[in-house]
Structure formats: structure tokens, C-alpha cells
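To keep things clear, I will list the structure first and then write my remarks on it.
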Amino acid sequence: MSRYHKIIEAIFVEKYKENDEYIEFVRDDIILKAKELNINLPKNLGDVIYSFKYRSELPELIKSRCSKNREWVLKSVGKAKYCFMQVAYSRIAPDRLLHTIKIPDATPHIVKNYSLNDEQALLAKVRYNRLVDLFTGAVCYSLQNHLRTAVPGIGQIETDEIYIGIDKNGKQCIFPVQAKSGKDEIGIAQIEQDFKLCEYKYSNLICIPIAVQFMDDGVVSMFSFTKQNNEINVMEEKHYKLLDI
């Protein structure tokens with residue numbers, strides 16, 4: 001296991017009691033476990049948490065102590081406070097049977113030449129091709145990218161890009177965008193935090209979180225989300241193929 005896996009597993013094992021569904025811990029627990037395990041910590045302790053929230057799966061031992069059809073997720077619940085929480089098992093994955101919408105690629109040639117196949121490249125393609133406009137049917141503008149801020153009850157969060165827009169009826173909307181490339185998965189926790197971000201900072205705007213992901217052959221899948229009965233649901237999914245013509 002990586003050093004992050006060893007640390008997070010040790011914290012879980014120490015605090016877990018049979019049938020627990022919610023386990024809180026604090027940032028100091030990361031430091032204490034690293035010392036016990038003789039592990040050198042990164043300068044940015046938050047990267048340990050960020051890794052399991054957005055990039056890596058939790059250790060198998062943790063996953064094995066979960067109820068049927070549920071999974072453990074790692075969440076921020078305050079400044080330097082975190083929790084393991086059991087939630088309904090869910091994955092946001094592109095529908096392979098969904099038809100693909102073909103559009104001319106408006107990405108500048110020089111940008112394509114030097115772009116990597118990562119989240120920043122994906123966000124650039126979304127921006128240059130006005131995919132948020134096409135997807136939502138609203139006139140949208142990029143307000144800020146790579147937003148880091150603190151939200152009460154959660155702590156620090158990150159959103160890849162924020163768009164603001166006006167739909168055909170004149171309603172003003174806010175579109176927080178999360179981007180994923182390769183085999184990275186779109187997590188419900190990220191969409192949940194985007195809703196909370198909007199409730200805190202943009203409460204007078206209609207919040208419609210969006211997730212974008214590279215698929216095979218450069219196809220871009222896009223999802224929008226809504227809340228029903230306090231649960232997050234996929235509202236719409238579309239696939240776009242950018243063509244050189």
C-alpha cells in the first residue's frame with residue numbers, strides 16, 4: 001500500500017466499531033498515525049484527504065467493513081475535520097449506448113498541439129467550443145477556474161471551473177463544473193459539495209452542477225445534476241465529438 005493508504009487505514013481501524021456508519025477524525029490524527037508508522041508526510045497534509053476524495057479508492061480493509069449496496073466515502077465536515085461515511089453505492093459513468101453529437105472543433109490549433117490528455121485540456125476544449133452553452137441551452141461565461149474556497153460545515157473545497165449564464169427565459173444560473181480524464185470517476189461527493197458551494201456563495205442563482213469526462217476517441221461526455229428529496233440525480237447526459245473540418 002502507498003503511505004496514504006497505510007495512514008488512512010490505521011485511522012479507520014483505530015476508530016471503527018462494529019456497525020458504524022459514520023466515523024469522525026481530525027487532521028492531527030493524520031500526523032499521529034504517520035509518526036506511529038514512521039511515514040514521512042507531505043507538506044500539504046490536505047493531499048492525503050484529497051487523494052481519497054477525488055483520485056484513489058479507499059483500502060480494501062475499509063471497503064470490506066461496509067453494509068450491502070453501500071460504500072464508504074471520505075468527506076470534509078469542518079475546518080481540519082473529516083469523516084468516513086457510508087452512503088448508497090453509486091457511480092456516475094457515461095452511457096455507452098447514448099448517441100454522439102458531432103460538432104466542429106473550435107479549439108485553437110496551437111492549444112491542441114501542446115495540450116495534455118488531462119483535466120485542464122478537457123476544460124480548455126469545453127471552454128473554446130462553448131460546450132456548456134450547447135449542453136445547457138443557456139448563454140454562459142466562465143467566471144473563475146480552479147476555485148478553492150471554504151464552505152461552513154465542510155471546510156475547504158475545490159471546483160474545476162465556474163460558469164455563469166442566462167437561459168432563454170432570462171433566469172440567471174450558476175454552473176460549477178467538475179472535469180475528469182482517463183479512468184478517474186466522477187464522484188457524488190464532488191457534486192454534493194458543488195451544491196453546497198452554490199447555496200453558500202450564489203444563493204440567488206439557480207445551481208446546476210455539471211460534470212465532464214473524456215471518453216474513448218476523444219468523445220466528451222457531459223452530465224447535469226439536480227436534487228430531489230435531498231438526493232442527487234442525473235438530470236441530463238449528452239456526448240460530443242469534436243471534429244477537425
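The values are calculated or read from the model by the stated rules, or taken from the named source; none is laboratory data. For clarity, every value in this text was computed on a predicted model and none was experimentally measured. Positions of Cβ are backbone-derived with ideal geometry, glycine not excepted, and every protein chain shown enters the neighbour counts. Note: accessible area is taken over every heavy atom of the protein model, side chains too, but ligands, DNA and RNA are not part of it. Shrake-Rupley method; radii C 1.70, N 1.55, O 1.52, S 1.80 Å.
Within segment 222-237, work out how many residues are open to solvent by 60 Å² or more (accessible area, probe 1.4 Å) and assigned to a strand (DSSP E or B). Walk me through how you get there before you give the answer.
Filtering segment 222-237 down to residues open to solvent by 60 Å² or more (accessible area, probe 1.4 Å) leaves 227-231, 234-236.
Those still in the list that are assigned to a strand (DSSP E or B) too: 227-228, 231, 234-236.
Here the count works out to 6.
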How many of the residues in segment 45-70 are over 15 Å from Lys81 (Cα atoms), modelled with pLDDT under 90, out of contact with any strand residue (DSSP E or B) (no Cβ under 8 Å at 6 or more places or on another chain) and open to solvent by 30 Å² or more (accessible area, probe 1.4 Å)? 4
So the check is Cβ under 6 Å with 6+ separation or different chains; which pairs have a first residue in segment 79-98 that's within 11 Å of Cys66 (Cα to Cα) and a second one that's of a type in the set (Asp, Glu) and open to solvent by 40 Å² or more (accessible area, probe 1.4 Å)? Gln86/Glu21
Output the residues belonging to segment 97-144 that are farther than 28 Å from Ile206 by Cβ and either touching a Pro at 6+ places or on another chain (Cβ under 6 Å) or open to solvent by 90 Å² or more (accessible area, probe 1.4 Å) (or both). Leu97, Lys102, His109, Ile110, Asn113, Tyr114, Leu116, Asn117
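Based on what the data block shows, is Tyr82 surrounded by 15 or more Cβ atoms within 10 Å (Cβ to Cβ), touching a Leu at 6+ places or on another chain (Cβ under 8 Å), farther than 23 Å from Val212 by Cβ and not aliphatic (A, V, I, L, M)? Write out each step before concluding.
Values: surrounded by 15 or more Cβ atoms within 10 Å (Cβ to Cβ): yes; touching a Leu at 6+ places or on another chain (Cβ under 8 Å): yes; farther than 23 Å from Val212 by Cβ: yes; not aliphatic (A, V, I, L, M): yes.
Considered against the rule, which asks whether it is surrounded by 15 or more Cβ atoms within 10 Å (Cβ to Cβ), touching a Leu at 6+ places or on another chain (Cβ under 8 Å), farther than 23 Å from Val212 by Cβ and not aliphatic (A, V, I, L, M), Tyr82 comes out as yes.
How many residues are in a strand (DSSP E or B), buried (at least 18 other Cβ atoms within 10 Å of the Cβ) and over 13 Å from the mean Cα position of the chain (by Cα) when one looks only at segment 177-221?
Within segment 177-221, residues that are in a strand (DSSP E or B), buried (at least 18 other Cβ atoms within 10 Å of the Cβ) and over 13 Å from the mean Cα position of the chain (by Cα) number 4.
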Pairs, first of a type in the set (Asp, Glu) in segment 135-161, second assigned to a strand (DSSP E or B) and surrounded by 12 or more Cβ atoms within 10 Å (Cβ to Cβ), C-beta under 6 Å, six or more apart: Asp160/Val177; Asp160/Gln178; Asp160/Ala179; Glu161/Asn145; Glu161/Val177
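Identify, please: which residue in segment 111-132 is in a helix (DSSP H, G or I) and among the polar types (S, T, N, Q) and is, among those, farthest from Glu237 (Cα to Cα)? So that I can check it myself, show each step before the final result.
Filtering segment 111-132 for residues in a helix (DSSP H, G or I) gives 111-114, 119-128, 131-132.
Filter once more, so that each one left must be among the polar types (S, T, N, Q): 113, 120.
Details: Asn113: 29, Gln120: 21 Å.
Across segment 111-132, the extreme among qualifying residues is Asn113.
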Just to be sure before I move on: is Ile39 in contact (Cβ under 8 Å) with a residue 24 or more places away in the chain, among the β-branched types (Val, Ile, Thr), surrounded by 12 or more Cβ atoms within 10 Å (Cβ to Cβ) and assigned to a helix (DSSP H, G or I) in the structure I sent? no
Taking interchain pairs and intrachain pairs at least six residues apart, which have beta carbon atoms under 6 angstrom, with the first residue in segment 181-203 and within 20 Å of Val219 (Cα to Cα) and the second of a type in the set (A, V, I, L, M, F, W, C) and open to solvent by less than 20 Å² (accessible area, probe 1.4 Å)? Ser181/Leu122; Ile186/Ile92; Ile186/Ala211
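Being under 23 Å from Gln120 (Cα atoms), more than 14 Å from the chain's Cα centre (by Cα) and of a type in the set (Ser, Thr, Tyr) is the requirement here; does Thr149 meet it?
Details: under 23 Å from Gln120 (Cα atoms): yes; more than 14 Å from the chain's Cα centre (by Cα): yes; of a type in the set (Ser, Thr, Tyr): yes.
For Thr149, the condition - under 23 Å from Gln120 (Cα atoms), more than 14 Å from the chain's Cα centre (by Cα) and of a type in the set (Ser, Thr, Tyr) - is met.
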Per-region count, segment 10-28, residues within 15 Å of Lys75 (Cα to Cα) and either part of a helix (DSSP H, G or I) or of a type in the set (Lys, Arg) (or both): 3
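Going through Tyr89, Tyr163 one at a time, which residue ends up being aromatic (Phe, Trp, Tyr), open to solvent by 30 Å² or more (accessible area, probe 1.4 Å) and touching a strand residue (DSSP E or B) at 6+ places or on another chain (Cβ under 9 Å)? Steps first, please.
Values: Tyr163 fails: open to solvent by 30 Å² or more (accessible area, probe 1.4 Å).
Going through Tyr89, Tyr163 in turn, just one is aromatic (Phe, Trp, Tyr), open to solvent by 30 Å² or more (accessible area, probe 1.4 Å) and touching a strand residue (DSSP E or B) at 6+ places or on another chain (Cβ under 9 Å): Tyr89.
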